[in-house]
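Laboratory data are not the source of any read-out in this text; all were calculated from the coordinates shown. Since this is a predicted model, take the numbers as computed values, not measurements. Glycine gets a Cβ as well: all are built from the backbone with ideal geometry, and neighbour counts include every protein chain shown.
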Amino acid sequence: MILILLGPPGAGKGTQARLIMEREGLVQLSTGDMLREAVQAGTELGRKAKAAMDAGQLVSDDIVISIIAERIRQEDCQKGFILDGFPRTVAQAEALDRMLEKAGRKLDHVIEMRVDEEELVKRITGRFTCPKCGEGYHDEFKLPKVPGSCDNCGPVEFVRRSDDKEETVRARLKAYNGQTAPLLPYYKDKGVLRTVDGMLPINEVAKEIEAVLA
Ligand code: AP5
């Protein structure tokens, strides 16, 4: 199964991708995570991406398209994968269509996660993550069972993303509305778009997604 989770920053794409990954045994492909790894490793690609990411803008299409083109050819993607944060522009969506066609594969579902803008800001500015396993938490909505301790890994120094400051979040939302929202009619026209209510609690959203995939 090939699935795209589409939604603004903070909609819960990463949270739901991890749940689907566990349930369906699919690989999660997050371009955001891949770019952050490149930035941290100080690679050429990371240096090119950093300025755009810090400003809350999109990284250039050619960079993310080549990352995904290479990634989906790998063995662990042959059973299927979940795209989290890609595509984000019509040019990226068209490139994905060409990649899949060339590989004789097809996109099964695009799930839009719809969430109000002020809720998104609240979610992102309260988010923190385990640096070891990547599990995401939130100051209000999803606290670890023991303070200062990841539910999976035990005691850790949680990390917060540098682009999760309110002013950068507003820029990211602007980029979503201007460049990514046009993908909704793009996929609607192809008959693969389904929308879930991303305002519901995490497990309720998961149930809605499960129903779409069933
Ligand atoms: P990326 O890492 O993809 O960030 P994003 O799209 O802005 O999405 P987030 O990771 O912030 O949010 P999410 O929807 O995954 O929400 P989460 O599950 O964490 O991209 C970062 C940057 O990289 C971009 O700005 C861009 O520069 C660059 N980039 C990446 N891909 C690119 C591409 N294809 N093209 C060009 N540039 C690209 O949830 C958020 C919080 O809310 C968490 O704390 C969570 O616990 C909580 N939460 C989740 N669901 C719920 C719920 N239902 N109720 C209450 N709380 C919830």
Going by average Cβ density within 10 Å per residue, which order do the peptides 101-107, 177-183 take, highest to lowest? 177-183, 101-107
Range of Cα positions in the chain per principal axis (Å), largest first: 48, 41, 35
So if I take the alpha carbon set of the range 47-136, get Rg, then get Rh from the Kirkwood formula, what is the Rg over Rh ratio? 1.00
Under-24-angstrom lysine pairs by C-alpha in the range 140-214, whenever the two are 8 or more apart or on separate chains: 6
Take Ala41 and Glu167, extend 7 Å from each Cα along the Cα→Cβ direction, and tell me the distance between the two endpoints in nm. 3.2
What distance in nm lies between label points placed 7 Å from Cα along the C-beta direction at Lys106 and Asp62? 3.3
Average projected area of the Cα convex hull of the range 118-169, in nm²? 3.5
